[in-house]
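S.K.: This is the structure I have questions about; it appears just below.
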Amino acid sequence: GEIYNGADDNASGTAMLTALAGYFLGAPLQHDILFVALDAEEVGFQGTRAFVRDPAIPVDRIALNINLDMVSRSEAGELYAAGTYHTPLLATVVDEVAATAPVKLLKGHDRPEDGPNDWTSQSDHAVFHELGIPFLYFGVEDHPGYHRPTDDFSAITPDFYVRAGDTLVQVIKAADSRLDEIVP
């Protein structure tokens, strides 16, 4: 009987995906980049599993998965990058960007000892991880609107969202320039 608008989870990631695709149309990278919107994450990663099983998708050519989920709401100005524990060379990319990032870019939420706060298997990047494909997952920590009807546009932090986008551009460029080191 209530509407769950999902402004942060995950309209923010979808809108950011579209914005990044537009940006990189005008600023091509050294390596190919594919922008994919996936669905049915919370019911077994059905969209992701269908994507990687599609015979038209050369999964063996996917060098890095970048996943955006909940990137618009952080009063603390913090954006987490998970995945560096599993691929330590990605930590150097994240650290390099974090030094000058427009938001506070933190590593974490990707170690088994984090228990329920280990995000390794909690979003679409989990399927890529299962296939041995390195990933960087970007998101904010849970907030009062998480999975609630109060996850509305009025609750996002617009300045943070814009700065998070700028940070993601920096990370993608840095990962692209060092991709051959990260994924030999």
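The values are calculated or read from the model by the stated rules, or taken from the named source; none is laboratory data. Predicted model, so just to flag it, every value in this text is computed and none were measured. Cβ coordinates were reconstructed from backbone atoms using ideal geometry, including for glycine residues, and neighbour counts include every protein chain displayed. Surface accessibility is based on the protein's heavy atoms, side chains included, excluding ligands, DNA and RNA. Shrake-Rupley method; radii C 1.70, N 1.55, O 1.52, S 1.80 Å.
S.K.: Since Ala98 meets every condition but one in (1) surrounded by 15 or more Cβ atoms within 10 Å (Cβ to Cβ); (2) in contact with a His (Cβ under 6 Å, 6 or more places away or on another chain), which condition does it not meet?
M.R.: Evaluating Ala98 over (1) surrounded by 15 or more Cβ atoms within 10 Å (Cβ to Cβ); (2) in contact with a His (Cβ under 6 Å, 6 or more places away or on another chain) leaves (2) as the failure.
S.K.: A further question on this structure: Residues of segment 145-158 being at pLDDT 75 or above and in a loop (DSSP other than H, G, I, E, B), which ones?
M.R.: Hits for segment 145-158 are Pro149, Thr150, Asp151, Asp152, Ile156, Thr157.
S.K.: Then there is this: Report yes if Asp180 is over 20 Å from Ala91 (Cα atoms), part of a helix (DSSP H, G or I) and without any contact (Cβ under 8 Å) to a residue 60 or more places away in the chain, otherwise no.
M.R.: no
S.K.: Looking only at segment 67-85, how many residues end up being open to solvent by 60 Å² or more (accessible area, probe 1.4 Å) and within 18 Å of Ala175 (Cβ to Cβ)?
M.R.: 1
S.K.: I would also like to ask the following. Of the numbered conditions (1) over 16 Å from Leu105 (Cβ atoms); (2) of a type outside the set (S, T, N, Q); (3) open to solvent by 70 Å² or more (accessible area, probe 1.4 Å); (4) in contact (Cβ under 8 Å) with a residue 40 or more places away in the chain, Asp152 fails exactly one; give the number of that condition.
M.R.: It fails just one condition, (3).
S.K.: Among Asp124, Asp118, Asp60, which is crowded, with 21+ Cβ neighbours inside 10 Å and among the acidic types (Asp, Glu)?
M.R.: Selected residue: Asp124, the only one of Asp124, Asp118, Asp60 that is crowded, with 21+ Cβ neighbours inside 10 Å and among the acidic types (Asp, Glu).
S.K.: Pairs only if they're at least six apart or on different chains, beta carbon under 6 angstrom, first in segment 1-30 and within 17 Å of Ala155 (Cα to Cα), second of a type in the set (S, T, N, Q); list them, first residue then second.
M.R.: Filtered contacts from segment 1-30: Asp8/Ser72; Ser12/Ser72.
S.K.: Quick check on this structure: which one of Asp142, Asp110 is surrounded by 21 or more Cβ atoms within 10 Å (Cβ to Cβ), part of a loop (DSSP other than H, G, I, E, B) and without any contact (Cβ under 8 Å) to a residue 40 or more places away in the chain?
M.R.: It is Asp110.
S.K.: Which ones in segment 37-51 are surrounded by 12 or more Cβ atoms within 10 Å (Cβ to Cβ) and among the β-branched types (Val, Ile, Thr)?
M.R.: Once the filter is applied, which keeps residues that are surrounded by 12 or more Cβ atoms within 10 Å (Cβ to Cβ) and among the β-branched types (Val, Ile, Thr), segment 37-51 yields only Thr48.
S.K.: Hey, another quick one. Given the conditions (1) under 30 Å from Asp60 (Cα atoms); (2) open to solvent by 60 Å² or more (accessible area, probe 1.4 Å); (3) touching a strand residue (DSSP E or B) at 6+ places or on another chain (Cβ under 9 Å); (4) modelled with pLDDT of 95 or more, and given that Asp166 satisfies all but one, which numbered condition is not satisfied?
M.R.: Against the list (1) under 30 Å from Asp60 (Cα atoms); (2) open to solvent by 60 Å² or more (accessible area, probe 1.4 Å); (3) touching a strand residue (DSSP E or B) at 6+ places or on another chain (Cβ under 9 Å); (4) modelled with pLDDT of 95 or more, Asp166 comes up short only on (3).
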